[in-house]
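Heads up, the thing below is written out as structure tokens.
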Amino acid sequence: VGSLVTALLKPKISTLKCIGYGTPACVDEVLMAQLLDCMVSVVNRDDVVPRLTVQNVQGLAKFISCPGQVAKTKAWLDEDWKAMKDLERVVDNRRRHPAKGAGSQGSGADKVGVLLDAGIGREAAERALEQSQGDVAMALFYATEEEHDRPSAPPDEDKWQRAKEKTGKVLEETGQHLVSGWQKLSEAASEQIQTWSASSSEEVVIAREDHTQFYIPGQVIHIYRENGLARPALAASTHDAFAGIQPSLSMLDDHMLKDYDETVRQACISEPKCKRWETSEDRSTCACCEAEFHWAYVLQSEPQRMLARNHCFSCGRLVCSGCSENQQAFPSLGFSVPVRTCDTCFYNPDDEL
């Protein structure tokens, strides 16, 4: 609203200026040129509102529904579902056999019995126990993994033939019904199309026109994150950063007033003192406990492994979730509100890293 009112009042008030925060894309190329000298729009990081144009939404839908992305998402979901079923089997086994299922206690026959009760075949149970050196819990995981990866048995030929014949009859009858229905539908559609062509050809042309491209009004200040701290940059409204919607965990929170208040305060810091944040290539294990980042995660797909990596806002190192549960403010670094802090910086703030 403010940008459009500014465009209307600018010819009458030459000194009029407007500053917008999270302003949506609401002007075309003509209005955009008129607002360059009287309007400033601030966009906070991944704020989705300034990027909500028809073209960006269509691009996001196309990206999500493309075959490659669908295949990757399905593979990740299958992997996470397998991990959940593994956990369910272990928990159920321990609930039914608390004494036998603990560690490496019990005789070999007892351990095999525990796995048999959990629904695992005898041969698979013996192989899993040998592989896990007698640990029942690990043997349960190995046996489940083997069961998941084992190819299915070939189907019964007679049963397959009978099912094939029955399916063929059903498909033949269904096909006849479809052909009959399609013919009736085609005749009705042909008559309707002829009617539309004769009476409303102009409406058809209008429906095929592309949607108008809208832009963020005025000069755009994009606030991005560098080493955890908000930094400002002057960008054109046609910049690639605004030409699409990148799904992120903060795309909605970045539009909140409190987030704009904090990021603008950080952006005004002329000389940042934050330490450089480590990248995924810099470290493969937690900087505090040196364990894998996803050690406490049940789900093991690649997206979940990436979510298990966290940065300490004080030292910039990569740490796991278990070693970064504390939060603390660091006003000297520009963080006036509590932020994620690793155990080393929280309990030993004077140590040099």
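What the stretch 285-349 shows is 48 Å² of accessible area per residue, with the surface traced by a 1.4 Å probe over protein heavy atoms.
Within the stretch 253-353, the percentage of alpha carbon pairs spaced more than 20 angstrom apart rounds to 44%.
Projection of the Cα convex hull of the stretch 312-353, averaged over all directions and equal to a quarter of that hull's surface, yields 2.7 nm².
Under 1.5 on a/c is rounded, so check that first for the stretch 204-318, then, if it is not, pick prolate when a/b is larger than b/c and oblate when it is not; a ≥ b ≥ c are the square roots of the alpha carbon gyration tensor eigenvalues. List each step's numbers first, then the result.
Numbers: a/c = 2.94, a/b = 1.51, b/c = 1.94.
Oblate.
Only protein heavy atoms count here; on that basis, with a 1.4 Å probe, Met84 has an accessible area of about 90 Å². When nucleic acids and ligands are ignored and a 1.4 Å probe is applied, Glu271 ends up with an accessible area of around 140 Å².
Can you classify the stretch 229-277 as rounded, prolate or oblate using the Cα gyration tensor, where a ≥ b ≥ c are the square roots of its eigenvalues, rounded means a/c under 1.5, and otherwise it's prolate if a/b beats b/c and oblate if not? Prolate, because a/c is 1.5 or more and a/b exceeds b/c.
Among Arg231, Arg225, what's the order by accessible area (1.4 angstrom probe), most exposed first?
Arg225, Arg231
Amide H to amide H distances under 5 Å link Asn326 with Thr341, where only residues 5 or more positions off or on other chains count and H is placed in the peptide plane.
Largest first, what is the accessible-area ranking of Thr15, Thr341, Thr73, Thr238 with a 1.4 Å probe?
Working: Thr15 110, Thr341 0, Thr73 55, Thr238 90 Å².
Ranked list, largest accessible area first: Thr15, Thr238, Thr73, Thr341.
The listed peptides 18-31, 298-311, 58-71, ordered by packing as a protection proxy, come out as 18-31, 298-311, 58-71 (highest mean of other Cβ atoms within 10 Å first). First check a/c for the stretch 254-301, with a ≥ b ≥ c the square roots of the eigenvalues of its C-alpha gyration tensor; if it is under 1.5, answer rounded, and if not, answer prolate when a/b is larger than b/c or oblate otherwise. It comes out oblate by the Cα gyration axes.
The values are calculated or read from the model by the stated rules, or taken from the named source; none is laboratory data. Because the structure is a prediction, the values reported are computed rather than measured. All Cβ positions, even for glycine, are placed from backbone atoms using ideal geometry, and neighbour counts span all protein chains on display. With ligands, DNA and RNA removed, areas are computed over all heavy atoms of the protein, side chains included. Shrake-Rupley method; radii C 1.70, N 1.55, O 1.52, S 1.80 Å.
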